1. Please work out the FRET efficiency for the pair Ala163 and Ala75, using the Cβ-Cβ distance as r and a Förster radius of 41 Å; give the result to the nearest 0.05.
2. Tell me, in nm to one decimal, what length is gained between Ser217 and Ser192 on full extension, where the rule is 0.36 nm per residue of separation less the Cα-Cα distance?
3. Distance in nm between label sites at Ala146 and Glu92, each 7 Å beyond Cα in the beta-carbon direction?
4. What's the FRET efficiency of Ser176 with Gln45 using the Cβ-Cβ distance as r and R₀ = 30 Å, to the nearest 0.05?
5. With Cβ to Cβ distances under 12 Å as the rule, what net charge do the other residues near Val212 carry (K, R +1; D, E -1)?
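Values quoted throughout were computed directly from the atomic coordinates according to the rules given, and no laboratory measurement underlies them. Computed from a predicted structure; not experimentally measured. Using ideal geometry, Cβ is built from the backbone for each residue, glycine included, and neighbour counts are taken over all protein chains shown.
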Amino acid sequence: MKAHFPGCTVRIAMVAAAAVACAWPILSQADSDTDIEAGRALFMQKGCFECHGIFGQGSIATGPALAPRVIPLPAMEAYVRDPQGQMPVFSEKILSNDEIAKIHAYLASLPPSQPADSIALLNNGTSPASAPGNSSSTSRIANPAAHGASVYAANCAACHGQAGEGGVGPALIGISSRYRTADIEARIREPSGIMPRLYPGPLNAQDLQDVVRYVASLK
Ligand code: HEC
Ligand code: HEC
């Protein structure tokens, strides 16, 4: 199984290079094996992220957190085959056990706290488990630029690259030479293709405003 992204094909022999080329910030060198990369791709392709969040952080409206406390692989397999509530069934035709194992490897590779969580002002004293962009908090943001960067890291970087260099989604570096700020916002409000709808949840109005400014500033 290869993890295939436009401009970013991961083969076993290329893992080290790919880890750099994809600039995937979350994985340590030791963890960046093909299973984790493939699992991350599957988590997107199969739509798990739409309900469980890109980093498995969950969303109040759509699905529980799957990481950083990952349930054991046999339990995950059993659940995906026979979910109890709102979650759709994924049969073996749609998602093989091997693919579930890769998704499990991806979720298990995520660190206990995401980099964005280390920015104290985002958490406003709330649990570090609540990822930025996932909070409905409307409390004053002390530093909108840092907030925008963190919203980006948590919600956009997986597809658009850590520095906006592109990946699953197009490069955003230099986007302000092509789009006005209002157009960038429109692309987020009304996404096309596989880009997920992230507003009005998990992003709130403040998150949206700050991430638009951040994206517009990418050079
Ligand atoms: C349409 C939304 C949706 C999609 C897509 C989705 N899930 Fe879920 N998932 C849920 C919801 C909601 C729950 C909570 C229980 C329920 O309602 O089934 C859940 C629960 C789970 C659980 C059990 C969590 C626990 O702690 O018990 C696992 C594991 C899981 N999902 C894995 C996955 C995987 C893997 C994928 C992709 C192959 C996926 N889900 C896709 C909505 C979704
Ligand atoms: C699951 C992957 C994914 C995530 C997450 C994602 N995007 Fe996208 N994004 C895409 C894809 C794919 C496209 C191209 C859509 C198309 O081809 O129609 C896109 C397009 C865009 C565009 C238009 C770019 C252009 O050149 O036309 C902007 C702006 C954008 N995304 C910003 C964001 C921001 C900001 C976030 C986070 C809040 C985000 N995206 C999250 C995948 C993603």
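1. 0.65
2. Working: separation 25, 0.36 × 25 = 9.00 nm, distance 2.20 nm.
Taking 0.36 nm per residue and subtracting the Cα distance, the gain is 6.8 nm.
3. Between Ala146 and Glu92, the simple spin-label model gives 5.2 nm.
4. Values: r = 30 Å, r/R0 = 1.00.
With a Förster radius of 30 Å, E is 0.50.
5. Working: positive: Arg180, Arg187, Arg189, Arg213; negative: Asp183, Glu185, Asp207, Asp210.
Result for the local shell: 0.
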